[in-house]
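Take a look at the structure set out below.
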There are 2 protein chains.
Amino acid sequence: MPKLGAEPIRKAALINAAIFEVGRAGSLDVTVAQIARRAGMSPALAHHYFGSKEQIFLAAMRYILRTYGQSVRDALPGRGPRGRLDAIVRASFAPQNFQRETVSAWLNFYALSFVSSDAARLLRIYHCRLRSNLIVALRGLSDHPEQTADTLGALIDGVYLRTVLTPGPTDADAALTTVLSYLEEALS
Amino acid sequence: MPKLGAEPIRKAALINAAIFEVGRAGSLDVTVAQIARRAGMSPALAHHYFGSKEQIFLAAMRYILRTYGQSVRDALPGRGPRGRLDAIVRASFAPQNFQRETVSAWLNFYALSFVSSDAARLLRIYHCRLRSNLIVALRGLSDHPEQTADTLGALIDGVYLRTVLTPGPTDADAALTTVLSYLEEALS
DNA sequence: TAACGTTAATTGAGTGACCAATCAAGAACA
DNA sequence: TGTTCTTGATTGGTCACTCAATTAACGTTA
């Protein structure tokens, strides 16, 4: 049933499936066959479009990064410095970015950066951008914007980690409260 | 060269090798052959003593947990509440517990808890114990000991994560400073 | 518009590599 | 002699990746 223009649709389906499967398994140890099956196609087709499993993972990582970056950018404009700060933090816990599978996949892609230099590059870019966004937003609010930014970044990662590890439904509100309370203390 | 009493020595060597290899690879995706080779023996012997790869991982996880718990206990006695708090935090960044490979292995064993219920059990016990240790130590120092304990726990995990991801030598001092500065702010 | 060649989409059936786990057997000690 | 230690060889299974073949859409041209 070959309809033309299947490529972007198939690729998107594979990326979603990869995020879901990695998130579900809690590790990168998922087979191309699993991903392809969830995306509703044969493993051969997945290889046809992406060439290798690593390329699927990298595309998924880029997708998550892009989605996150977009939701930060959407939330930024037209507020004071404190508003910008809030926006960044809130974006980290917004529903699109805080599904259990997404967060779990995200953490597992961290691990990919040990093996793949492409993944390491993506991650470094993301980290630097988040850090400089935070530092800019913190200027004038904190006495040591850089230290506060580093603490805040680490805290967000840690909360992600614990969210994934805690069984049951993810509680975005609790996570957000933890981080915002820290900010409240740090900026007063 | 069969000398008697090799079992504990061989097991210890395998546990060390497993931590090192998992830490180095940044994932649980290491073969029994790799672990055995680093420990200076054949893969068959590793299976002989541990039965399965999962058992090797679990033993390594227990070892890390025991070492950490011991260094906390060593540092606890004979101080005020604030001293106890410091002791717990400092133990987390003490040299035995803060080698890059150890921290990396530790984070990867987190992931094991998705797959292995034994690993999940170990992890839950550790988390509860750390949390209650922190809450007790925070009583009288913080207005909301539980919230502070959760934030502190997440922050430590996050700092671990970032330490592993940052290339170059691990900087225990910087990590410690980040966490202690947070405490300073939170308790004032 | 009908016939035809080109290209995209799709998969079943491999292939080769790797790996966890087993086993039988040898070697050294008590 | 029996027990512990040790390993080479083997097995069964899994998986990433390839290939050849099929099907259907599209463009072209007579």
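The values are calculated or read from the model by the stated rules, or taken from the named source; none is laboratory data. Remember, predicted model here, so these are calculated numbers, not experimental data. FYI the Cβ positions are ideal-geometry reconstructions off the backbone, even for glycines, and counts take in every protein chain you see. These accessible areas exclude ligands, DNA and RNA; they are computed on the full protein's heavy atoms, side chains included. Shrake-Rupley method; radii C 1.70, N 1.55, O 1.52, S 1.80 Å.
Details
- When region B:50-76 is filtered for residues that are open to solvent by 50 Å² or more (accessible area, probe 1.4 Å) and in a helix (DSSP H, G or I), the ones remaining, listed by number, are B:LYS53, B:GLU54, B:GLN55, B:ARG62, B:TYR63, B:ARG66, B:GLN70, B:ARG73, B:ASP74.
- The one condition in (1) in a helix (DSSP H, G or I); (2) touching a helix residue (DSSP H, G or I) at 6+ places or on another chain (Cβ under 8 Å); (3) more than 29 Å from B:ARG131 (Cα to Cα) that B:TRP106 fails to fulfil: (3)
- In the set (1) open to solvent by 80 Å² or more (accessible area, probe 1.4 Å); (2) within 10 Å of DNA strand D (Cβ to nearest atom); (3) closer than 20 Å to A:ALA111 by Cβ; (4) away from every other protein chain (no Cβ under 14 Å), A:ASP29 fails one condition alone, (4).
- Out of B:ALA44, B:ALA18, B:ALA13, B:ALA36, sole residue that is open to solvent by less than 20 Å² (accessible area, probe 1.4 Å), within 10 Å of DNA strand D (Cβ to nearest atom) and not in a loop (DSSP other than H, G, I, E, B): B:ALA36
- Filtering B:LEU134, B:LEU161 for residues that are within 11 Å of chain A (Cβ to nearest Cβ), surrounded by 15 or more Cβ atoms within 10 Å (Cβ to Cβ) and at pLDDT below 95 leaves a single hit, B:LEU161.
- Flag if B:ALA149 is over 13 Å from the mean Cα position of the chain (by Cα), at pLDDT 95 or above and within 19 Å of A:THR166 (Cβ to Cβ): yes
- Pairing residues of region A:37-57 that are without any contact (Cβ under 8 Å) to a residue 24 or more places away in the chain with residues that are within 6 Å of DNA strand D (Cβ to nearest atom), at Cβ distances under 7 Å and at least 6 apart in sequence or on separate chains, gives A:PRO43/A:VAL32; A:PRO43/A:ALA33; A:HIS47/A:VAL32; A:LYS53/A:VAL32.
- Residues in region A:21-33 that are within 20 Å of A:ASP118 (Cα to Cα) and part of a helix (DSSP H, G or I) were compared, and the one that is farthest from the chain's Cα centre (by Cα) is A:VAL32.
- Enumeration of residues in region B:164-178 that are open to solvent by 60 Å² or more (accessible area, probe 1.4 Å) and either among the acidic types (Asp, Glu) or assigned to a loop (DSSP other than H, G, I, E, B) (or both): B:THR166, B:PRO167, B:PRO169, B:ASP171, B:ASP173
- The lone exception for A:ARG124 - which of (1) assigned to a helix (DSSP H, G or I); (2) within 30 Å of A:ASN16 (Cβ to Cβ); (3) more than 12 Å from chain B (Cβ to nearest Cβ); (4) open to solvent by 10 Å² or more (accessible area, probe 1.4 Å) it fails: (3)
- Condition broken by B:SER104, with the remaining ones in (1) free of Cβ contacts under 8 Å to residues at least 40 places away in the same chain; (2) surrounded by 17 or more Cβ atoms within 10 Å (Cβ to Cβ) satisfied: (1)
- On the stretch given as region B:138-152, residues that are surrounded by fewer than 19 Cβ atoms within 10 Å (Cβ to Cβ) and facing another protein chain (nearest Cβ under 9 Å) total 2.
- Number of positions in region B:94-121 that are within 13 Å of another protein chain (Cβ to nearest Cβ) and not hydroxyl-bearing (Ser, Thr, Tyr): 15
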